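The values are calculated or read from the model by the stated rules, or taken from the named source; none is laboratory data. Quick caveat: nothing in here was measured; it's all calculated off a predicted structure. Neighbour counts run over all protein chains shown; Cβ positions are idealised from the backbone, glycine included. These area figures cover heavy atoms from the full protein model, side chains too; ligands, DNA and RNA do not enter into them. Shrake-Rupley method; radii C 1.70, N 1.55, O 1.52, S 1.80 Å.
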Amino acid sequence: MSLDSPKPHRDLAGYGGKPPMVRWPNGAAVAVSFVVNFEEGAEFTISGGDDHNETIYEVHHRLDGPDPCIESHFEYGTRAAWWRVMDLFDHYQAKVTVSACGLAVERSPQLAADAIARGHEVSAHGWRWQSHAGMAEAAERACIARTVEAITKATGGKRPLGWHTRSASSANTRRLLMEEGGFLYDSDAYNDDLPFVVTDGAHRHVVLPYAFDTNDMQFQNTQRFQGATDFAAYVTDAYDWLAQEGRTAPRMLSIGLHLRMIGRPGRIGALDRILAHITHSGAAWIAPRAEIAKYWLAATSA
């Protein structure tokens, strides 16, 4: 048996504590990215012809057949929560990224159009709300193309510049995105507080790491947050720490949101508190992910 170390395929060092000295616009200490995940309508349902129902939602009662309960929970996101969440962002004049599944956009194109009308970015979150782990290359290439087509059509020609796979991507995802040619960035990484650039020949592709901790999914996945106060406190603590570090080095904070989660009346107050805290700090640049990626790419190309 060989005792040699395996060929490295992971970058465990990153910037090694010495990131590029990029200064965010207007001297901001932290680039803040709010990501609103728009997945409703792209989840798996037996009533829609799938072989199983989605298993992550508010109720822990699984059915082997059609499940109108879980479907209704997802419908809350598009029927009620969208307007509450988007109106709150308007109140704070914050521009965000709507990470949208292609099928969700195809079924509710008016929401993607509304996002663009309000000045937000619509990025790609897969065709279905599913992992790409183990997906065949041809099938994944087709999913990417179909998602781009649906979003471009619904937004009046504004194709998505970013991509984020639910949970695990495949071994081919990033290469396929770069080969497709129209993507500026992907968020299929959770390994840093800063963007980084990967190259394929002359093509430079930005990776904007995402975060699962500053994310309202923890209301459901782990019950880590018991209420709006818990979530708001956790996210503002993260922001304050990064703002402190950002006095001497660039920092980025991703805040993940889901319509059917943060959009409930008992949770929306958390988003209000987070936005108030960050905007009143005077140290944040709140921007869609495409703008952050463009800025980082330009700043690190000089």
Problem set entry | Matching residues in the range 263-286 - criterion: being touching a strand residue (DSSP E or B) at 6+ places or on another chain (Cβ under 8 Å) and crowded, with 18+ Cβ neighbours inside 10 Å | Leu271, Ile274, Ile278, Ala283, Ala284, Trp285, Ile286
Exercise. Name the pairs: first residue in the range 195-221 and closer than 23 Å to Leu259 by Cβ, second residue surrounded by fewer than 19 Cβ atoms within 10 Å (Cβ to Cβ) and acidic (Asp, Glu), Cβ to Cβ under 7 Å, at least 6 apart or on different chains?
Worked result: Pro209/Asp192; Gln220/Glu58
Problem set entry | Number of positions in the range 191-224 that are under 19 Å from Val32 (Cβ atoms), surrounded by 15 or more Cβ atoms within 10 Å (Cβ to Cβ) and not aliphatic (A, V, I, L, M) | 10
Exercise. Does Leu88 qualify as being open to solvent by 10 Å² or more (accessible area, probe 1.4 Å) and assigned to a helix (DSSP H, G or I)?
Worked result: yes
Exercise. Looking at (1) hydroxyl-bearing (Ser, Thr, Tyr); (2) open to solvent by 40 Å² or more (accessible area, probe 1.4 Å); (3) closer than 21 Å to Gln220 by Cβ; (4) modelled with pLDDT of 85 or more, can you tell me which one Ser99 breaks?
Worked result: (2)
Exercise. What number of residues within the range 247-262 satisfy the criterion of being of a type in the set (D, E, K, R) and either on the phi > 0 side of the Ramachandran plot or touching a strand residue (DSSP E or B) at 6+ places or on another chain (Cβ under 6 Å) (or both)?
Worked result: 1
For this session: Evaluate the following for Arg62: is it farther than 30 Å from Gly49 by Cα and surrounded by fewer than 16 Cβ atoms within 10 Å (Cβ to Cβ)?
Result: no
Problem set entry | Condition met for Thr147 (assigned to a loop (DSSP other than H, G, I, E, B), modelled with pLDDT of 95 or more, among the β-branched types (Val, Ile, Thr) and open to solvent by less than 10 Å² (accessible area, probe 1.4 Å)) | no
Problem set entry | Every residue from the range 116-139 that is closer than 21 Å to Tyr210 by Cα and either of a type in the set (D, E, K, R) or under 15 Å from the mean Cα position of the chain (by Cα) (or both) | His120, Glu121, Val122, Ser123, Ala124, His125, Gly126, Trp127, Arg128, Trp129, Gln130, Ser131
For this session: Restrict the check to the range 33-47 and report whether at least one residue is under 23 Å from Trp163 (Cα atoms), of a type outside the set (Asp, Glu), in contact with a helix residue (DSSP H, G or I) (Cβ under 7 Å, 6 or more places away or on another chain) and not in a strand (DSSP E or B).
Result: yes
Exercise. Do we have any residue at all in the range 78-94 that's more than 17 Å from Ser47 (Cβ to Cβ) and at pLDDT below 95?
Worked result: no
For this session: From the list Ala142, Ala104, Ala112, pick out the single residue that is in contact with a helix residue (DSSP H, G or I) (Cβ under 7 Å, 6 or more places away or on another chain) and not in a loop (DSSP other than H, G, I, E, B).
Result: Ala112
Exercise. When only residues in the range 150-186 that are of a type in the set (S, T, N, Q) and touching a helix residue (DSSP H, G or I) at 6+ places or on another chain (Cβ under 7 Å) count, which is surrounded by the most Cβ atoms within 10 Å (Cβ to Cβ)?
Worked result: Thr165
Exercise. For the range 227-249, does any single residue satisfy the condition of being under 21 Å from Arg79 (Cα atoms), open to solvent by less than 10 Å² (accessible area, probe 1.4 Å) and either in contact with a Lys or Arg (Cβ under 6 Å, 6 or more places away or on another chain) or at pLDDT 95 or above (or both)?
Worked result: no
